[in-house]
Amino acid sequence: MNQLDQWQQQVSHWHKVRKHDQVETLARLINNAPSELWGPELSIEQSQGLGYWLDGCARIYQHHLEQGNTAGAYSYLCLAQARLESVVCRAEVDQNIRCSCCRKLEQIMVLIFEFCKKQPDPKWQVELQNQIETHVKFLTHYPFNESPIPVLKPSAN
C-alpha cells in the first residue's frame, strides 16, 4: 500500500467516525497530504485523493467560519488556491490533472471572491482586488480552455 492509499484510508476513517468536531485531525491530514496527490501521473487514486483533499479544505474552512475565525477560514481557501495553482504551473504534471486543477481553482476563486466581498473590514476589499488582479495574471500565463480526455490508470501497489 502506498502513501496515497494510506492517506485516503485515514481521511475515509475520519469521515466514517463522524467526529467533525475533531477538525485538528483533519487539518493534520490536509496539511500533510502525500506528494503523489499532486501528480505527475494521473491515476484513479490520485483523482479521488484530490477530491478528498479539497473536501477536507472545505470542511475546515466551514468549521472556522462557524467558529468566527475569519483568518483561519480564509487560510484554507488560500491553501487550496496555492496548491491548485502549483499543480497547474508544473509542466511535468499530466495535462488531465492540470486541467482538472484549473477547473477546481476557478471554484475556489469564486469562494475567495465571495468571502472577501462579505467581510465588513475595508482591508478585505483591498484583498479582493489583489486576488482578482493576481488571478487574471495567473490565467494569462496558464490558460486552460480545452481539457484532454482523461485516461485513468490504477496506481501500482
**Item:** Among the candidates His20, His15, His63, residue that is assigned to a helix (DSSP H, G or I), open to solvent by 30 Å² or more (accessible area, probe 1.4 Å) and modelled with pLDDT under 90
**Value:** His15
**Prompt:** In region 68-105, which residue that is in a loop (DSSP other than H, G, I, E, B) and hydrophobic (A, V, I, L, M, F, W, C) is surrounded by the most Cβ atoms within 10 Å (Cβ to Cβ)?
**Reply:** Val93
**Request:** Please determine, by comparing only the residues of region 117-145 that are outside any helix (DSSP H, G or I) and either out of contact with any helix residue (DSSP H, G or I) (no Cβ under 8 Å at 6 or more places or on another chain) or at pLDDT 95 or above (or both), which one is most open to solvent (accessible area, probe 1.4 Å).
**Result:** Asn145
**Asked** Among the residues of region 104-135, which ones are closer than 15 Å to Tyr61 by Cβ and among the β-branched types (Val, Ile, Thr)?
**Response** Ile108, Val110, Ile112
**Asked** Just checking, which of Gly39, Gly51 is on the phi > 0 side of the Ramachandran plot, under 14 Å from the mean Cα position of the chain (by Cα) and either of a type outside the set (S, T, N, Q) or open to solvent by 60 Å² or more (accessible area, probe 1.4 Å) (or both)?
**Response** Gly39
**Prompt:** What about Ile30, is it open to solvent by less than 50 Å² (accessible area, probe 1.4 Å) and of a type in the set (Val, Ile, Thr)?
**Reply:** yes
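The values are calculated or read from the model by the stated rules, or taken from the named source; none is laboratory data. Values in this document were obtained by computation on a predicted structure and should not be read as measured data. Cβ sites come from the backbone with ideal geometry, for glycine too, and all protein chains shown count toward neighbours. Accessible surface is based on the protein model in full, side chains and every heavy atom, while ligands, DNA and RNA are left aside. Shrake-Rupley method; radii C 1.70, N 1.55, O 1.52, S 1.80 Å.
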